[in-house]
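Visitor: The structure is given below, and queries will be raised subsequently.
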Amino acid sequence: MKTLKEKFGSWAIVTGASSGIGEEFSKQLAQNGFNLVLLARREELLRKLAQSLKDKYNVEIKYACVDLTSKNFLIQIEEMTKDIDVRFLISNAGALRMGAFHRIPMADFERTINLNVMAQMKISHWFTSYLVKGDKKGGLLLLSSTEAYQGIPYSADYAATKAYILNLGEALNFEFRDKGIHVCVLAPGPVDTPSLTENPDADVVKYLPMKPQAVDLVVKEGLLAILKNKPSHITGRMNRISTFIMKTFMSRKKATALWGKSMYKMVYLK
Ligand SMILES: NC(=O)c1ccc[n+]([C@@H]2O[C@H](COP(=O)([O-])OP(=O)(O)OC[C@H]3O[C@@H](n4cnc5c(N)ncnc54)[C@H](OP(=O)(O)O)[C@@H]3O)[C@@H](O)[C@H]2O)c1
């Protein structure tokens with residue numbers, strides 16, 4: 001099997017690089033010799049990460065404070081990448097909002113949908129169009145979640161955004177296969193990152209039946225999955241088994257009810 005660099009060239013973009021899974025993707029890609037374009041809103045975190053990756057791995061790093069929910073974010077990215085040959089995109093940035101549906105303000109739903117759905121769709125469209133136009137091969141990795149596989153009470157909107165990404169990416173995997181463009185959707189279960197462990201909406205960790213997966217393992221699995229051009233990949237053996245059991249042996253109603261009981265505890269008994 002070819003290496004990531006042989007397959008996807010020398011530059012990669014990582015969205016949501018300032019924290020959690022995106023930060024870890026940036027580290028592992030730099031370790032693999034990729035030059036990086038790091039995007040997120042918190043500039044100071046990006047600056048520190050960029051410096052440490054340059055020092056440690058001797059790679060080139062560009063970074064910018066970009067709000068992916070803003071109207072013109074693609075213009076910013078286009079400007080930053082016009083002189084480099086970017087052929088790998090990790091579309092990772094996302095936000096988790098949990099709680100009773102009727103109690104969450106509409107503005108929060110709009111923000112989540114703008115980030116988790118609209119921004120990922122727009123950047124995927126921009127990136128794949130740019131690759132096809134230039135007759136380039138490349139890779140697009142999209143972050144979904146195991147929440148995508150059924151309705152999740154008290155995380156209803158988030159789970160729905162992740163279902164959109166799962167379906168979008170699996171379809172694009174087929175569309176771009178014969179053009180040498182890999183598209184893979186990564187679906188982690190709970191991962192040990194701030195969005196989960198420091199989430200103000202719920203005490204997820206207290207009621208999980210197992211420990212959240214370590215972020216370095218999630219990213220390793222993701223990089224291997226896109227190299228193999230898998231349409232989607234659930235990270236962690238236990239997550240794969242539980243998703244398989246729910247899909248195969250339970251009705252969708254029952255799977256949703258099972259999630260609902262444990263989400264209720266996370267949200268209301270924290
Ligand atoms: N952690 C989990 O258990 C888990 C499980 C399954 C899937 N996921 C998915 O994995 C992805 C990463 O999650 P994570 O756990 O690593 O979360 P995280 O630690 O909270 O990181 C989220 C990243 O997204 C960036 N971001 C948020 N809003 C943004 C905006 N408007 N514009 C640009 N960047 C923005 C954040 O940077 P700034 O705040 O600096 O902008 C941060 O770098 C998400 O798509 C999430 O849904 C996570």
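The values are calculated or read from the model by the stated rules, or taken from the named source; none is laboratory data. What you see is a predicted model; the values in this text were computed from it and never measured. Cβ: placed from backbone, ideal geometry, glycine included. Neighbour counts: every protein chain shown.
Visitor: How many residues are more than 23 Å from ASP203 (Cα to Cα) and away from the ligand (no atom under 14 Å from the Cβ) when one looks only at segment 90-128?
Guide: Selection size over segment 90-128: 4.
Visitor: Which of the helices (runs of 4 or more DSSP H) found entirely inside segment 184-234 contain at least 1 residues meeting this: modelled with pLDDT of 95 or more and more than 13 Å from the ligand (Cβ to nearest atom)?
Guide: Details: elements: 194-197, 204-207, 215-227.
It comes to 215-227.
Visitor: Go through (1) among the aliphatic types (A, V, I, L, M); (2) within 23 Å of ASN32 (Cβ to Cβ); (3) buried (at least 16 other Cβ atoms within 10 Å of the Cβ); (4) more than 14 Å from the chain's Cα centre (by Cα) for VAL191 and report which single condition fails.
Guide: Against the list (1) among the aliphatic types (A, V, I, L, M); (2) within 23 Å of ASN32 (Cβ to Cβ); (3) buried (at least 16 other Cβ atoms within 10 Å of the Cβ); (4) more than 14 Å from the chain's Cα centre (by Cα), VAL191 comes up short only on (4).
Visitor: Mind checking which residues of segment 87-135 are of a type in the set (Asp, Glu) and in contact (Cβ under 8 Å) with a residue 60 or more places away in the chain?
Guide: none
Visitor: For segment 134-182, enumerate the residues that are surrounded by fewer than 24 Cβ atoms within 10 Å (Cβ to Cβ), closer than 18 Å to MET121 by Cβ and in contact with a Phe, Trp or Tyr (Cβ under 7 Å, 6 or more places away or on another chain).
Guide: Hit for segment 134-182 is ASP157, nothing else.
Visitor: Filter segment 60-89 down to residues that are away from the ligand (no atom under 16 Å from the Cβ) and crowded, with 21+ Cβ neighbours inside 10 Å and give me whichever is farthest from GLU44 (Cα to Cα).
Guide: Only one residue tops the list, namely ARG87.
Visitor: Same structure, new question: For segment 123-144, how many residues are more than 13 Å from the chain's Cα centre (by Cα) and not in a loop (DSSP other than H, G, I, E, B)?
Guide: Matching residues across segment 123-144 total 11.
Visitor: Out of VAL204, VAL185, report the one residue that is more than 13 Å from the chain's Cα centre (by Cα) and buried (at least 17 other Cβ atoms within 10 Å of the Cβ). If you could, list the steps in order and put the result at the bottom.
Guide: On the way: VAL185 fails: more than 13 Å from the chain's Cα centre (by Cα).
Going through VAL204, VAL185 in turn, the sole match is VAL204.
Visitor: Examine segment 166-180 for a residue that is within 14 Å of the ligand (Cβ to nearest atom) and farther than 19 Å from GLY16 by Cβ, and state whether such a residue exists.
Guide: no
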